Amino acid sequence: MKNLICNNLSVNHSDHLCIDGVDTVELAQKHGTPLYVMDENRIRERCRTYRDAMANAFGEGSYPLYASKAASFRQMYRIIMEEGLGTDLVSSGELYTAASVGFPLWKAYFHSNNKTDFDISYAISEGVGYFVVDNVEELDAIDRIAKEKNTRQKILLRLTPGIDPHTYEAVATGKVDSKFGSAIETGQAEQIAKYAMGLDNIELMGFHCHVGSQVFDSDVFLRASEIMLEFIALMQSRYGFVTRELDLGGGYGVRYLESDPEIDISSNIFEVAAHVKAVCARHGIDVPSIRMEPGRSIVADAGLTVYTVGTVKRIPGYKNYVSIDGGMADNPRYALYKSSYTVCLANRMTSDAPTFKCTLAGRCCESGDLIQEDVILPADIKRGDIIAVLTTGAYNYSMSSNYNRLPKPPVVMLKDGSDYVAVRRESLEDVCKNDI
Ligand code: LLP
């Protein structure tokens, strides 16, 4: 039997995979497949870990912002709102979703490297707390639109501390050569900070950095905070500018495979806090309020995806393919990043049949539509069997598409042993609802 990676997973007397004690095969029968399943208790537990650790380590004014790009739908905003987190948003669509459930938008931080005038105007009208400003064009646009709306808008400036977090290229964002932010190393960070300090309708509250995603090395956060605080001390000594907030971004890694380490979030946060306090003392500056922006580590292992096997193809001398009823439309991460996943035969978890190595393929009409290669499954796998792909709670639903006009699967949430639909399955009618 496969290692279950996360302690919310188990196997029941029917030899079926369970999450939060709920049988995934029964969920498949009840809701159909493909099916995203998310464990609400697990999400809440992660929220509390971040919230309590940040308040205890940095002080009451410091709190986490859930990076909602990881999984953005109404019920997620309700959960994080109830748990007292703020949120990181990157589009008017995410802001609209949060606003529609009454999310306290003063705790919302609007990111993105290219906010349109519409985004800015809409977000200010809705009362967004902060923009995390990426560049000068945006700064001018926010200043102009805030003036038109007779308001002074709080912002953080996004800086790149020049750190390579040794994660995969597409998600490494803290390096100097990045589409995001202003580099400290080139002097552009100082220029934009000085400029922002002089704008009438902008209230510069502090600075932001995000070095990358799926990061396991805690040293990355220590180095990033050190560079940011050095910059903050420089702003104070050169311009008398006192930084009130420092946002260290997201990025803690999660376990996709048994071989991935498990990060102790709480002790990592205490380690970062001790370092931040020591560096501030060294520079003789006050410790700013801290924000962190976890996305993946809040939702990833709360989720799994359930599929039904359609075809099993053996090509003698070549590979074996197991095709399922989903694929890159509901999980594009292998096609995009070659992401690793643990795959289980959910309806026969302890099969004694001989195993075979196969490629788990999707149903989209292109060869790159794979979920995972070199998967070991029982060789007697057949049409109708149920496959579970673990740790899909982050960046699966939120990155899903209607490629090949596949309707998006529903998100079923589990709470204390019962299930409810948080996002309905799309119908065939939904797929063409905007067509004329
Ligand atoms: N803050 C900022 C500014 C970010 O850009 C991100 C992620 C986060 C926070 C949250 O990072 P996390 O805690 O989730 O690592 N689609 C990719 C991940 C892209 C991450 C983009 N930014 C994937 O599927 O792996």
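The residue that is farthest from the chain's Cα centre (by Cα), among those in the range 240-251 that are touching a residue at least 12 places away in the same chain (Cβ under 8 Å) and either open to solvent by 60 Å² or more (accessible area, probe 1.4 Å) or over 18 Å from residue 62 (Cα atoms) (or both), is 241. When the range 327-345 is filtered for residues that are under 14 Å from residue 373 (Cβ atoms), more than 14 Å from the ligand (Cβ to nearest atom) and in a loop (DSSP other than H, G, I, E, B), the ones remaining, listed by number, are 327, 342. When restricted to residues that are open to solvent by less than 40 Å² (accessible area, probe 1.4 Å), assigned to a strand (DSSP E or B) and β-branched (Val, Ile, Thr), the range 282-312 contains 5.
Among the residues of the range 368-422, the ones that are loosely packed, with under 15 Cβ neighbours inside 10 Å, of a type in the set (Ser, Thr, Tyr) and either in a loop (DSSP other than H, G, I, E, B) or within 16 Å of the ligand (Cβ to nearest atom) (or both) come to 1 in all.
Among 18, 47, 6, which is the only one that is at pLDDT below 95 and crowded, with 18+ Cβ neighbours inside 10 Å?
Of the residues listed, the single one that is at pLDDT below 95 and crowded, with 18+ Cβ neighbours inside 10 Å is 6.
Residues in the range 257-271 that are within 16 Å of the ligand (Cβ to nearest atom) and surrounded by fewer than 22 Cβ atoms within 10 Å (Cβ to Cβ): 9 in all. Looking across the range 180-225, just one residue is in contact (Cβ under 8 Å) with a residue 60 or more places away in the chain, open to solvent by 20 Å² or more (accessible area, probe 1.4 Å), touching a helix residue (DSSP H, G or I) at 6+ places or on another chain (Cβ under 9 Å) and away from the ligand (no atom under 16 Å from the Cβ), and that is 199. Contact annotation: residue pairs with Cβ atoms under 7 Å, 6 or more positions apart or on different chains, pairing a residue in the range 15-32 that is within 13 Å of residue 303 (Cα to Cα) with a partner that is hydroxyl-bearing (Ser, Thr, Tyr) and surrounded by fewer than 21 Cβ atoms within 10 Å (Cβ to Cβ), are 18/10.
Among the residues of the range 313-326, is any polar (S, T, N, Q), open to solvent by less than 40 Å² (accessible area, probe 1.4 Å), more than 16 Å from the ligand (Cβ to nearest atom) and assigned to a strand (DSSP E or B)? There is at least one residue in the range 313-326 that is polar (S, T, N, Q), open to solvent by less than 40 Å² (accessible area, probe 1.4 Å), more than 16 Å from the ligand (Cβ to nearest atom) and assigned to a strand (DSSP E or B). All of (1) assigned to a helix (DSSP H, G or I); (2) small (Gly, Ala, Ser); (3) open to solvent by 10 Å² or more (accessible area, probe 1.4 Å) hold for residue 53 with one exception: (3).
Cβ contacts < 7 Å: first residue farther than 11 Å from residue 285 by Cβ, restricted to the range 226-239; second residue basic (Lys, Arg), any location; separation 6+ or different chain. Result? Sorted first by the residue in the range 226-239, then by its partner, the pairs are 239/194.
Name every residue in the range 295-311 that is away from the ligand (no atom under 12 Å from the Cβ) and of a type in the set (Gly, Ala, Ser), in order of residue number. Break it down stepwise before answering.
Going residue by residue through the range 295-311, those that are away from the ligand (no atom under 12 Å from the Cβ) are 301-311.
Result: 302, 303, 310.
Against the criterion of being touching a Lys or Arg at 6+ places or on another chain (Cβ under 6 Å), open to solvent by 30 Å² or more (accessible area, probe 1.4 Å) and over 15 Å from residue 293 (Cα atoms), residue 135 does not qualify.
The values are calculated or read from the model by the stated rules, or taken from the named source; none is laboratory data. Note that this is a predicted model, so its numbers are computed, not measured. Note that each Cβ is placed from the backbone with ideal geometry, even for glycine, and that neighbours are counted across all protein chains shown. For the accessible areas, the whole protein counts, side chains as well, though only heavy atoms, and no ligand, DNA or RNA atoms are used. Shrake-Rupley method; radii C 1.70, N 1.55, O 1.52, S 1.80 Å.
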